[in-house]
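Novice: There's a structure below that I have some questions on.
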Amino acid sequence: MSKIYPIVKYGDAVLARPAATVTEFATPELRQLLEDMFDSMYAANGVGLAAPQIGIGRRIAVVDCAPREGPPERMVLINPEIIHAEGKQTEEEGCLSLPGFRESVTRAMQVTVRAQDAEGNWFERTGEELLARAFLHETDHLNGRLFITHLSSLKRELIKKKIKKLRQDGEW
Ligand code: NI
C-alpha cells in the first residue's frame, strides 16, 4: 500500500530551505517513502518529485521522464549532486509546487548527476534534454530553489504577485 501525499505549494518554508542529507539506507521506511513518492508523482502527472514537495526536508528525489504509454523508467536520486553540465536548452518548465505557471527556462543540455540509490550505492547517470532538465530541477529543489529563481526578477515578481492574489482569494 502506498500513500498519495498532497503536493506542497510555493510559499511553504520547506520548499525554500536546503534539505537534510540522507544517512540511513536500505530501511523499510526509506523504501516505503520512495514508493509513496513515485505514486504521489504519478498521481499528480509529474515527471519528477523532490521530498520537500511532500513536506519532507530530506535529500531525496524521484524521476520518471519516460512517455506514459511506455514502460516506466523510475530513477531514485538520494543526496544528488550535479557533477557535470554542458550545452544549453531553452524549454517551457513547470513545477507541481507552482501549479498553473509554466515559463521558458534555459538549462544545460547534458547533465551528469552523482547520487545514491535506496541501498546507499553511489552511481552516476548522464541525461539529455528533459532528463537533464529534471536532474537540475529536482536537485534545485533539494537546495531550496524553485525554477522561478532562474527567471528574470521582473517575471518572478509577476508570478509572486499572481500567487499572492490567488492566496488572498483562497485559491492557493
Ligand atoms: Ni518542481
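Novice: Please state, rounded to one decimal and in Å, the Kirkwood hydrodynamic radius that region 94-172 gives when every pair of distinct Cα atoms enters the mean of 1/r.
Specialist: 14.4
Novice: Let me ask another. For Cα pairs less than 8 Å apart in space and 6+ apart in sequence, what is the mean separation divided by the residue count of region 13-168, i.e. the relative contact order in percent?
Specialist: After rounding, I find 24 percent.
Novice: Something else about it: Which GluC sites (Glu not before Pro) in region 101-172 pass both tests, a DSSP loop state and at most 11 other beta-carbon atoms within 10 Å?
Specialist: Hits after loop and neighbour filter: 119, 171.
Novice: State the extension gain, in nm to one decimal, for the chain segment bounded by residue 91 and residue 168, taking 0.36 nm per residue of separation less the distance between their alpha-carbons. Don't skip to the answer; put the middle values down first.
Specialist: Values: separation 77, 0.36 × 77 = 27.72 nm, distance 3.07 nm.
Residue separation times 0.36 nm, minus the Cα-Cα distance, leaves 24.7 nm.
Novice: Roughly speaking, what is the stretch gain from residue 158 to residue 27, that is 0.36 nm per residue apart minus the C-alpha to C-alpha distance, in nm to one decimal?
Specialist: Once the chain is fully extended between residue 158 and residue 27, it gains 42.8 nm.
Novice: Here's another thing I want to ask about it. Sequence-distant or interchain residues sharing an amide H contact under 5 Å with residue 96, placed H: which?
Specialist: Counting only residues 5 or more places away or on other chains, the set is empty.
Novice: Neighbouring Cβ atoms within 10 Å as the yardstick, rank 104, 153 fewest first.
Specialist: Ordered by Cβ neighbours within 10 Å, fewest first: 153, 104.
Novice: Give, in nm to one decimal, the length gained when the segment between residue 83 and residue 104 is fully stretched (0.36 nm per residue of separation minus the Cα-Cα distance).
Specialist: Separation in residues times 0.36 nm, less the Cα-Cα distance, equals 5.2 nm.
Novice: With springs connecting C-alpha atoms under 10 Å apart, model the chain as a Gaussian network and identify which of 74, 145, 59 has the largest mean-square fluctuation.
Specialist: Maximum fluctuation in the GNM of the chain, among the listed residues, is at 74.
Novice: Identify, among 34, 143, 51, the residue whose Cα sits farthest towards the positive end of the charge dipole of the chain, taking +1 on the Cβ of Lys and Arg and -1 on the Cβ of Asp and Glu, with the dipole about the Cα centre.
Specialist: Highest projection toward the positive end goes to 143.
Novice: Please compute the Kirkwood hydrodynamic radius of region 3-62 from all pairs of different C-alpha atoms, in Å with one decimal. Mind dumping the intermediate values first?
Specialist: Working: mean 1/r = 0.0850 Å⁻¹.
By the Kirkwood definition, the hydrodynamic radius is 11.8 Å.
Novice: Still on this structure, I have one more. Rounding to the nearest 20 debye, state how big the charge dipole of region 101-172 is about its Cα centre with +1 on each Lys and Arg Cβ and -1 on each Asp and Glu Cβ. Mind showing how you got there, number by number?
Specialist: Details: 14 positive and 11 negative charges, 133 e Å.
Computed charge dipole of region 101-172: roughly 640 debye.
Novice: Another question, then. Rounded to the nearest 500, what is the 222 nm mean residue ellipticity of the chain from helices alone, with -39500 (n - 2.57) per DSSP H run of 4+ residues and division by all residues?
Specialist: Using -39500 (n - 2.57) per qualifying helix, the result is -9000 deg cm²/dmol.
Novice: Given the alpha-carbon gyration tensor of the chain, what are the semi-axes of its equivalent ellipsoid in whole angstrom, ordered largest first, with each equal to the square root of 5 times an eigenvalue?
Specialist: Semi-axes, largest first: 25, 20, 15 Å.
Novice: Here is a further query. Which order results if 38, 123, 135, 25 are arranged by neighbouring Cβ count within 10 Å, fewest first?
Specialist: 123, 25, 38, 135
Novice: Would you list, by chain and number, the lysines whose Cα falls below 24 Å from the Cα of residue 162, excluding same-chain residues fewer than 8 positions away?
Specialist: Here the lysines satisfying the reach criterion relative to residue 162 are 9.
Novice: Still on this structure, I have one more. Ranked highest first by average number of other Cβ atoms within 10 Å, how do 11-19, 161-169 line up?
Specialist: With the highest mean Cβ count within 10 Å placed first, the list reads 11-19, 161-169.
Novice: Also, I was wondering about something else. Just report the Cα centroid separation between region 104-154 and region 1-71, whole Å.
Specialist: So the separation of the two Cα centres works out to 14 Å.
We did not get these values from a lab; they are worked out from the coordinates using the rules stated. Keep in mind the model is a prediction, meaning the values are calculated, not measured. With ideal geometry, Cβ positions are generated from the backbone for all residues, glycine too; neighbour counts draw on all protein chains shown.
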